[in-house]
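Colleague: The structure follows.
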Amino acid sequence: MPDPAAHPAVKPPAPAAAPAPVAGERIADWMNSRTGMYQRFRGTMRRTFPDHWSFMLGEICLYSFVLLVVTGVYLTFFFQPSMHTVVYHGSYVPLQGIRMSEAYQSALHISFDVRGGLLIRQMHHWAALILVAGILVHMMRHFFGGSFRNPREIIWLVGFALLPLTLFEGLTGYDLPDDLLSGTGTHVVEGGLLSTPLIGTYLSMFLFGGEFPGTAYVPRFNSLHVLVIPGLMAALVTVHLLLLFQHRHTQYAGPGRTAGNTVGLPFLWLRAAKSGGFFFLVSGVIALVAALTQINPIWAYGPFRPDQGSAGSQPDWYMGFADGLTRIMPGWEIRLWGHTLVLGVLVPLVVFGGVLAIIGGYPLFESWISADRSEQHLLDRPRNQPVRTGLGAAWITLYLLLLTAGGNDVIATHFHLSVNAVTWAVRVGILVLPPAVFLLAKRVALGLQRRDRNAVLHGRETGIIRRLPSGEYLEMHSLLSQERLHKLTAHDQPPPLSIPQAAPGEEEPSAPRPSRLVRLQVRLSRAMYGEGSRIAKATPEEYRAHHPVRRESPEEGEEQQDRG
């Protein structure tokens, strides 16, 4: 018999050992085993974001706010929010020996003596301007696209609340250096407070710690600017982002895009990497602008003195429309029971607050007059909502007119005009131009709708003229691609609200007569969604009647001609 020891049994090879996890994986596993982060945020990390250029507007706002916080923390290391009077002995020779507040002295110290201080100051200021501009453009994008509709009304309201907070954050920061220009702006704030009926004097005394300018407004503005308003803004940004993840992004209509899905990039890691790169791009652009473009040279204005005013002083652009309201308002006053009501200041403040309230509450208004209560996840093309587009264009016109009014003295000086002529031109323009622009924008939107309908039914013009045997000349049209057809017909056209009518044979409807509020609601709904406010889109039956047999489109190969 053969010896078993001479022929040992063959053993199968041992399985290869799994590769050891790298350091990053070990850290992730350690965190996940203790916090359960992966299971909790797995759906969020795979959330899809549409890859459209307009979505970068919200990111610009977010990254500008982050940059504001970072540069603001650096500036707080050196800024002294005190109105204690000192004598300047710093590096800027023209102000040597001048009496000024400690706040102004520390602002000069940051600009001339702190390494990188002037660059950080200017980055902080430019980031604030870009933040306000980003919020306004971001809101206009949502307004014209209709992304504020059900179920995103709260997202709009939270985002809108950031606008007045950002305006007041910029105003309080603008007044902190206590230079002559910012002091002039603070004087305007005092006038607005004093014009408030009944409590105006008390508000002014509380804010300034006595008679203007007092000794307390810089420390109090600093607390608001550094602690209170940024904290509220950070909380609102967090709520805004949480609601955004809850309801997901809206998207424009297109092939494969429906109300039940989102086409784009996953949050991790594609979207996160792209957003991270965009953050550094925004920061780099702001740093480059701050390095090359001077803004708010406080050393050129000198310290604030209540008995002096800066000629040609202008607020930052985002407060220009509020200043313009005050400049075009006549200097009316009413004296009642020994008290003076300064309408020349009070009315602009009320109008300013009213305009902001209308902007914030518009989604609720449109929901009130709409018969469609379904969830909306696809964005509108502005042309498909002519009334809304006209209202937005009218608001932009009003804003630009008031911004012009805020610089009426500078415009008059540079163009050798009368200040009164510029002021009256803006007054007349406010009454004429917004309604005219509303009608023009509405007509343009209706014209674009009509063109889309003709393109769907007849195709696009090819520029080819063909002569028929009968001698008739026809311009040939080519059929649109399926993608183009979907884009032009994907929008909904819900009917306007209506009042129940009497049934045939009945003199009056069975339901009780609607109230005045209901009748107003129906009238507004008809004005928004009625026959005169939109062009009916082509139906499938109309399309089939014009194109009995569908053949290949030019994009797909063989060109199919249609007589239209």
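Colleague: Check every DSSP H run in the chain and write down those whose alpha carbon atoms cover 20 angstrom or more along the long axis and whose mean Kyte-Doolittle hydropathy is 1.6 or greater.
Modeller: 56-76, 229-247, 272-292, 343-369
Colleague: When the helix-only estimate is applied to the chain (DSSP H runs of n ≥ 4, each -39,500 (n - 2.57), divided by the residue count), what is the mean residue ellipticity at 222 nm, nearest 500 deg cm²/dmol?
Modeller: One gets -18500 deg cm²/dmol as the mean residue ellipticity at 222 nm.
Colleague: Return P(r) of the chain (all Cα-Cα pairs; 10 Å bins starting at 0; whole %; ordered from short to long distances).
Modeller: P(r) over the chain, rounded to whole percents: 3, 12, 19, 20, 17, 13, 7, 4, 2, 1, 1, 0, 0, 0.
Colleague: Starting at 0 and stepping by 10 Å, how many percent of the alpha carbon pairs of region 44-306 end up in each bin?
Modeller: Taking all Cα pairs of region 44-306, the binned fractions are 6, 26, 29, 20, 12, 6, 1, 0 percent.
Colleague: Can you give the direction-averaged projected area of the convex hull of the alpha-carbon atoms in region 97-157, in nm²?
Modeller: 6.6
Colleague: For the chain, calculate the relative contact order in percent as a whole number, restricting contacts to Cα pairs under 8 Å that are 6 or more residues apart.
Modeller: Reported as a whole number, the value is 15 percent.
Colleague: Students sometimes get this wrong: rank MET476, MET83 by accessible area, probe 1.4 Å, all chains present, largest first.
Modeller: MET83, MET476
Colleague: Counting only protein heavy atoms and using a 1.4 Å probe, what share of the accessible area of the chain belongs to carbon plus sulfur, as a whole percent?
Modeller: Carbon with sulfur: 65 percent of the solvent-accessible area.
Colleague: Would you be so kind as to identify which of GLY276, SER33, LEU325 lies farthest towards the positive end of the dipole of the chain, taking Lys and Arg as +1 and Asp and Glu as -1 on Cβ and the Cα centre as origin?
Modeller: SER33
Colleague: Sticking with this one: Solvent-accessible area per residue for the chain at a 1.4 Å probe radius, Å²?
Modeller: 56
Colleague: Report the relative contact order of region 44-306, percent, no decimals, based on alpha-carbon pairs under 8 angstrom and at least 6 residues apart.
Modeller: Answer for region 44-306 is 33 percent.
Colleague: Can I ask one more? Dipole of the chain, Cα-centred, from +1 at each Lys and Arg C-beta and -1 at each Asp and Glu C-beta, to the nearest 20 debye?
Modeller: 940
Colleague: Now for a different question. Could you order VAL189, VAL263 by accessible surface area, starting with the largest, using a probe radius of 1.4 Å?
Modeller: VAL263, VAL189
Colleague: Using a cut-off of 11 Å between beta-carbons, work out the net charge of the residues near VAL188 (Lys and Arg +1, Asp and Glu -1, VAL188 not included).
Modeller: -2
Colleague: Let me ask something else. Just the accessible area for LYS487, please: 1.4 Å probe, Å², rounded to the nearest 10?
Modeller: Spelled out: LYS487, probe radius 1.4 Å, area about 90 Å².
The values are calculated or read from the model by the stated rules, or taken from the named source; none is laboratory data. The model shown is predicted, which means the values in this text are computed figures rather than measured ones. Every residue, glycine as well, gets a Cβ built from its backbone with ideal geometry; the counts of neighbours run over all protein chains shown. Surface accessibility is based on the protein's heavy atoms, side chains included, excluding ligands, DNA and RNA. Shrake-Rupley method; radii C 1.70, N 1.55, O 1.52, S 1.80 Å.
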